[in-house]
Structures are given as C-alpha cells and as structure tokens.
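Structure record follows, encoded as structure tokens.
Only the coordinates and a few stated rules stand behind these numbers; no lab work does. These numbers come from a predicted model, not from an experiment. Glycine gets a Cβ as well: all are built from the backbone with ideal geometry, and neighbour counts include every protein chain shown.
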C-alpha cells in the first residue's frame, strides 16, 4: 500500500472515530436508533459518554499518527487490537442471537479492514524499537 493511501485511510478511520465519538456524546439515542438498536436506558448514557471520549481521543490520535505512521506504530497496533476485540464481540453477540447479522455485519466488516490497515501502517523498520508511544 502506498504511503499516500495509508495516510488517507488512517485519516478516514480517524474521521469515523470522531463522528462516532461526537454522536455517542451528543446524540446517543438518535445514533442507536439510526443503527437499529434499542434505546439505551438512561443510566447507560453515562458509560456511552465515556466510550465517546475514547472514540474522540483515538480519532484525534489517528489523524496525528497518519503524518508519520511508522513513528506511531504502538498506537496503530492498539487500534488494530480494539478492532479485533470489536470483531470478536460481534461474532459472539451474533452467534448467541443477542444481535442480528443486520446489526453486526457492517461493524464487523469495518473492524476487519480497519485492523488490517492499522496493522499494515503500524509496521516499523527493523531496529527502530517498539516501546515508545510517541
């Protein structure tokens, strides 16, 4: 994948995270309804707002990492991990009948391509180390 395409895809992923974050923060019930989910009980709006903060922070981080993906490999690998956990949760929820494939299919497909892009972009040249987060 070319550097330009990688950077563009990372910015797209960042934009997706920002949109989800602001919607979960400012209009969670509307977002859930648009996705076909049940309305959240009022007491779940607080944890959804906390989730929104993480979407927003990762969205900003992905825009930042897109400038020099190799330098931000740990962040990109962590985003891939988030997506793989999302995929696993979707598979379990769908297999158990908690949600239908109509609700989980699109997010699971997104989890696969986002994880793949982040893993590819998070590759580092040998000898550059793995521990620094910046």
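Observations on the model:
- Taking 7 Å steps out from each Cα toward its Cβ at residue 57 and residue 27 produces label points 2.6 nm apart.
- Estimated FRET transfer efficiency (residue 110, residue 71; beta-carbon r; R0 25 Å; 0.05): 0.50
- Evaluated at q = 0.23, 0.24 Å⁻¹, a Debye calculation over the C-alpha positions of segment 11-126 (equal weights, vacuum) places log10 I(q)/I(0) at -1.34, -1.38.
- With N as its number of residues, segment 20-67 has a Cα radius of gyration that, divided by 2.2 N^0.38 Å, comes to 1.27.
- The simple Förster model, with R0 at 41 Å and r as the Cβ-Cβ distance, assigns residue 48 and residue 123 a FRET efficiency of 0.75.
- Ranked by the mean number of other Cβ atoms within 10 Å per residue, highest first, peptides 90-103, 14-27 order as 14-27, 90-103.
- Rel. contact order, % - alpha carbon contacts under 8 angstrom, at least six apart, the chain: 29
- Segment 81-98-segment 38-74 distance, computed between alpha-carbon centres (Å): 18
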